[in-house]
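Reviewing the structure listed below.
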Amino acid sequence: MRVVTRRCCVCEWRDRAVEADGADPDCPWCHGPTMVEAAAEAVREPEEDRDPPDKNPHAAALGRLGGMKGGPARAAVLTAKRRHEIAVRAARARWRRNRTS
């Protein structure tokens, strides 16, 4: 991988990008050939030097499982009257928000 500055041979397009070695993309504007004006090696930090992810993926998966069950379980115990009350409150809140903006 390397950071390159490319210039179109046909139009006035010029941009910097990270691309694989040996890549020769066309111009995104006119699809003409491009030339490399400047190139620099992209530096990748080793895997062991990277910061660990903030969240435990196993705990996140368990949380998603509970979240996927929660909505349908709540809907199953709500009465028709309560669902209607919730829907009316939501509609009023939407109308109130749209009227002031």
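Okay, here's what the table says:
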read-out: ALA61 vs. criteria modelled with pLDDT of 85 or more and either β-branched (Val, Ile, Thr) or over 30 Å from GLU12 (Cα atoms) (or both); value: no
read-out: Which numbered condition ALA42 fails, given (1) at pLDDT 85 or above; (2) within 30 Å of ARG16 (Cβ to Cβ); value: (1)
read-out: Number of positions in the range 1-33 that are within 28 Å of the chain's Cα centre (by Cα) and assigned to a strand (DSSP E or B); value: 11
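The values are calculated or read from the model by the stated rules, or taken from the named source; none is laboratory data. Since the structure is predicted, the reported quantities are computational estimates derived from the model, not experimental observations. As a convention, Cβ positions derive from the backbone with ideal geometry for all residues, glycine included, and neighbour counts pool all protein chains shown.
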